[in-house]
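The next block holds one structure in the form of structure tokens; read it before the comments.
The values are calculated or read from the model by the stated rules, or taken from the named source; none is laboratory data. Since the structure is predicted, the reported quantities are computational estimates derived from the model, not experimental observations. Cβ placement follows ideal geometry from the backbone for every residue including glycine, while neighbour counts extend to all protein chains displayed. Remember, those area values only see protein heavy atoms, side chains included, never the ligands or the DNA or RNA. Shrake-Rupley method; radii C 1.70, N 1.55, O 1.52, S 1.80 Å.
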Amino acid sequence: MIDIRFSADRPQDADVLVIPVGEGGADAGALGIAQGAMVAGAAKSARFEGKAGQSFSTFAEEDGTAVRVLLVGTGKDGFDKAGGAISAQLLTSGAKHASLKADGLSAEQAAEIAYGAKLRSWRIDTYRTQLKDHEKPSLNALTLVGAPDGTEDRWTRLDAIAEGVAFTRELVSEPANIIYPESFVERARAKMEPLGVALRVLDEPEMEKLGMNALLGVSMGSEKPGRLLALEYMGGKDGEKPIVFVGKGVTFDTGGISLKAPQGMEDMKWDMGGAGAVAGAMTAIAGRKAKANVIGICGLVENMPDGKAQRPGDVVTSMSGQTIEVINTDAEGRLVLCDALHWAQETYDPEYIVDLATLTGAMLISLGHEQAGLFSNDDGLADKLTAAGKTSGDPLWRLPLGKAYDKLLDSPIADMKKVGPRSAGSITAAQFLQRFIHDGVKWAHLDIAGMAWADKDSATAAKGATGFGVRLLDRLIADNFEG
């Protein structure tokens, strides 16, 4: 990602001058360049109106030299989108160092532009060995010139969040032969131990002793052994109960014996998007030294077909002692989560617990790729999450729970079936998880199936892994749980 810098004067090596423009379009006098009238007129002719994320590029003469000028629209309050436009336009343009005119901005606005620029500059080229020069990123720095007092302090916090989003995108983007349960743990260790996060890792023998047969049942068909990873950040008051996040980490999902169709199966490398979001959120929270006690738990397995794999119709006993009839071996994430949720409550005694998972295809039918589904047993927690989603840009929509839906999981042979009927699939998945929540624990389930990956660019992310959930969880902590 690009480097964000601060300076009182424009750096001599800056090869692009970036000027933020509010809604209504460019004003010649406000541009602060000798040929401002010409640039403003050209922008108007190109229908540049200063809308959030809109951009206009041209050249102007300055001291006898041609200077590239990029106008970016901020709209009324779209400063992160303006930053995203900077990276979208300049990342592979040949420009190396952009200079942003920040003297007319507030500290918050300037930091938001830097934030959007850094988020949009992330990409993964690890395995692309034949990129042509014009396809390779060239932009490596954005300097905010004349930014007001307080900008750098605000940026320090946003930079930590951007690093968390980037880490989630990295984990979700990596292929399944690179990121699997053991390597996920080591990648998290390298990232988070320097930030003061303590790691606790359970291997399969330890989970077997604890009775985590639901989680282990998913892992049985894979040569890659499962792991339960706990990320412990205790930045709050001693003795204060932690907030616990739990993420589904199916590093690849074939469907197991209930094999998925081949078309699109390669996408199942991102079925660990919930665990990825938890890891990224913990990176952000620890990176900005949040004053809160937060635990992140990742249930990590690979779901493969094999002679040892569990079968449709099997009955497994979860760590809670409840028995589950496995109707099919796909929709396996809830088996991972139910044991992870029970262990989290037994181990950390939280008042609040939030799980995230790319859990159901039905969620895409319900909400598409616009919002994640929210289910909760507590109105207060649901309201906190909804508000955090609006503020952070990771939106949520609440869906119902109820006894009528819960009955759809009743089994004739076990305490419950793993899945209900085709209708209300996302709701019955949430009802399944609720059966593992202890009395008095405030719980929310976020089904992010439509949000972890995108097939088109957005203002602050290229197509691919989005990092959804990191900003949401960080905002939840910042707004509600820091002293």
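Given the -39500 (n - 2.57) contribution per DSSP H run of 4+ residues, what per-residue ellipticity at 222 nm results for the chain, rounded to the nearest 500 deg cm²/dmol?
Working: 15 runs with 165 residues, N = 483.
Counting only the DSSP helices, I get -10500 deg cm²/dmol.
Give me the number: length gained by fully extending D439 to E351, i.e. 0.36 nm times residue separation minus the C-alpha to C-alpha distance, one decimal in nm.
Result for the pair: 30.7 nm of gain on full extension.
Of all the accessible heavy-atom surface of segment 3-45, with the other protein chains kept in place and a 1.4 Å probe, what percent is carbon and sulfur?
46
Note the count of lysine pairs whose C-alpha atoms are less than 27 angstrom apart in segment 83-209, limited to pairs 8 or more residues apart or on different chains.
Here the count comes out as 9.
On a 0 to 90° scale, report how tilted helix 151-173 is relative to the longest principal axis of the chain, with both axes built from alpha carbons and the result rounded to the nearest 10.
50
Suppose we look only past 18 Å in the calculated P(r) of segment 419-462. What percent of the Cα-Cα pairs does that tail hold?
The proportion of pairs with Cα distances above 18 Å equals 50 percent.
Accessible area per residue for the chain in Å², computed with a 1.4 Å probe and the full protein assembly in place, what is it?
42
Among 89-101, 265-277, what's the highest-first ranking by average C-beta atoms within 10 angstrom per residue? Before the final figure, lay out the partial values.
Details: 89-101: 20.7, 265-277: 25.9.
The most tightly packed comes first, giving 265-277, 89-101.
Roughly how tilted is helix 181-192, in degrees to the nearest 10 and between 0 and 90, from the longest Cα axis of the chain?
For 181-192 against the chain, the angle is about 40 degrees.
For segment 155-256, state which GluC sites (Glu not before Pro) are in a DSSP loop and have at most 12 other beta carbons lying within 10 Å of their beta carbon. Intermediate values should be presented prior to the final figure.
On the way: sites: E163, E170, E182, E186, E206, E208, E223, E232, E240; in loops: E223, E240.
Passing sites in segment 155-256 are E223.
Can you send over the carbon and sulfur percentage of the accessible area for segment 383-427, probe radius 1.4 Å, protein chains only?
Here carbon and sulfur together make up 56 percent of the probe-accessible area.
Length gain on complete extension for the stretch D238 to E23, per 0.36 nm per residue less the alpha carbon to alpha carbon distance?
Value of the extension gain: 72.6 nm.
Within segment 265-373, what whole-number % of the accessible surface is contributed by carbon and sulfur, with the 1.4 Å probe and all protein chains included in the calculation?
Details: 1540 of 3200 Å².
Within segment 265-373, the accessible surface is 48 percent carbon and sulfur.
Beyond 25 Å, what percent of the Cα pairs of segment 1-151 remain? Show your work: numbers first, answer last.
Details: 2711 of 11325 pairs.
Across segment 1-151, Cα pairs with separations above 25 Å total 24 percent.
Of the peptides 339-349, 388-398, how do they stack up when ordered by the mean number of other Cβ atoms within 10 Å, highest first? Show your work: numbers first, answer last.
Numbers: 339-349: 21.2, 388-398: 18.7.
In descending order of packing, they fall as 339-349, 388-398.
Which angle between 0 and 90 degrees, to the nearest 10, do you get for helix 425-434 versus the longest principal axis of the chain when only C-alpha atoms count?
70
Take the alpha-carbon positions of the chain, form their convex hull, and give its projected area averaged over all directions (one quarter of the hull surface) in nm².
23.9
Once fully extended, how much extra length lies between S138 and E62, figured as 0.36 nm per residue of separation less the alpha-carbon to alpha-carbon distance?
Numbers: separation 76, 0.36 × 76 = 27.36 nm, distance 2.32 nm.
Gain in length upon complete extension: 25.0 nm.
Please identify which residues in segment 143-178 have an amide N closer than 18 Å to a label point set 7 Å out from the Cα of A30, following the Cα→Cβ vector.
Under cut-off, by backbone N: 145-148.
From the Cα trace of segment 74-196, what convex hull volume per residue do you get, rounded to a whole Å³? Show your work: numbers first, answer last.
Details: hull volume 14.8 nm³, N = 123.
Taking only Cα atoms, segment 74-196 has a hull volume of 120 Å³ per residue.
Per the Kirkwood formula on distinct C-alpha pairs, the Rh of segment 187-230 is how many angstrom?
The Cα-based Kirkwood calculation yields 11.6 Å.
Whole-Hz Karplus ³J(HN,Hα) for segment 21-27, in order, using 6.51 cos²θ - 1.76 cosθ + 1.60 and θ = phi - 60°, x for Gly and Pro?
Once rounded to whole Hz, the list reads 10, x, 4, x, x, 6, 9.
Treat each spin label as a single point 7 Å out from the Cα along the C-beta direction, and report the I124 to F6 distance in nm.
It works out to 3.3 nm between the two label points.
What is the ratio of the Cα radius of gyration of segment 178-333 to 2.2 N^0.38 Å, where N is its residue count, to two decimals?
Working: Rg = 16.4 Å, N = 156, 2.2 N^0.38 = 15.0 Å.
Working it through for segment 178-333, the quotient is 1.09.
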